[in-house]
Amino acid sequence: MNEELDNHIHKLRLQHKLSQQDLATAIGVSRKTISTVETGRFTPSVVIALKIAEYFNVPVESVFELKKSQ
Amino acid sequence: MTATQVNTLSIAEKEQLYLNLTGKCSIALACFWALLTVEDANVFNDGIFHWIFEGTLLVCLISLICFAIKSWSYKGQFHTKAFWTMQFSDEYTDYVSSLSIRLAFMVMSIGLMMLVVFGDSQWFYDLAGENALLSLAQIVLSLSFLLHGIVVLVKLQGNDNDE
């Protein structure tokens, strides 16, 4: 059984009407970091996960979750 | 991008641009080195191919100098350790940097190990000829620089539409 990291950054960004660049500037990373995390091509560190969650003022589990697939 | 525009960027964006430039530098260096190796082999001695070859060599050298000067201009724009050791504060940039260096190191190690093992064998000299060790070491270096540059450019140029 494989476990993959799923995220809701795109949904949260749309809710807050933010661009990837806005979010990247707010948490001090490059836009490429946000875009690759958002599309699942790059797994971020706990620090970035916590920064994103803190920025949206939600628990980290609301931004990232382990998706169990067969 | 002008120096004023670069100054307005965040450290993460500057690091990414710097890594991109080092990738281009690596490719230019790899091509330059590979062409020098071919030149040493005296493949194109005369005729129009000789001038095309020399022109390509010159273009590679000029590109290499331009990219090196441009990347040097990023010195002092972010942490000095990141500039020299390619260990960046931006996570994705650091991931791309580590991946490219790791792959280049693997190619270099395998290539040089083969040279060390077979380098003094007679059949190796018979097959590769004079100055074989030097030429093959140059080819191994070219390949590792080329791989480093390609990995950096591909990973940083990927499709990432901002919505």
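All of the numbers you see were taken from the coordinates with simple rules; none came from a lab. In this text the structure is predicted, and so the values were computed from the model without any measurement. Backbone-built Cβ (ideal geometry, glycine too); neighbour counts: all protein chains shown.
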(message) As I understand it, the value is the acute angle between the Cα axis of helix B:11-40 and the longest principal axis of the Cα atoms of chain B; what does it come to in degrees, rounded to 10?
(response) 10 degrees
(request) Note the full-extension length gain between A:V58 and A:V46 as 0.36 nm times their separation in residues minus their Cα-Cα distance, in nm to one decimal. (result) 2.8 nm
(request) Quote the FRET efficiency, to the nearest 0.05, computed for B:V43 versus B:V154 with a Förster distance R0 of 22 Å and r equal to the Cβ-Cβ distance. (result) 0.15
(message) Quick check: the angle from helix B:91-118's long axis to the longest principal axis of chain B, C-alpha only, nearest 10 degrees?
(response) 10 degrees
(request) Hey, can you grab everything whose amide H is under 5 Å from the amide H of A:L5? Only 5+ residues off in sequence or another chain; H modelled, so Pro and N-termini drop out. (result) A:K67
(message) Using a Cα-Cα cut-off of under 20 Å, which lysines could be cross-linked to B:K155, ignoring same-chain neighbours fewer than 8 residues away?
(response) A:K32, B:K14, B:K24
(request) Report the full-extension gain for the segment B:W84 to B:D126: residue separation times 0.36 nm, less the Cα-Cα distance, to one decimal in nm. (result) 11.0 nm
(message) Give me Rg/Rg_expected for chain B, where Rg uses Cα atoms only and Rg_expected = 2.2 N^0.38 Å with N residues.
(response) 1.23
(message) At 25 °C and a viscosity of 0.890 mPa s, what translational diffusion coefficient does Stokes-Einstein give for the range B:75-144, taking Rh as the Kirkwood radius over Cα pairs? Give it in µm²/s as a whole number.
(response) 171 µm²/s
(message) I'd like the distance separating the alpha-carbon centroids of the range B:1-64 and the range B:72-102, in whole Å.
(response) 20 Å
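When each pair of different Cα atoms in the range B:1-67 is counted once in the 1/r mean, what is the Kirkwood radius in angstroms, to one decimal?
13.8 Å
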(request) Could you tell me, in Å, what Rg and Dmax come out for the Cα atoms of the range A:27-70? (result) 10.9, 36
(request) Can you pull the one-decimal nm distance between simple spin-label points at B:L112 and B:L61, each 7 Å off the Cα toward Cβ? (result) 2.7 nm
(message) If I take the Cα coordinates of the protein assembly as shown and project them onto the principal axes, what are the three extents in Å, biggest first?
(response) 68, 50, 32
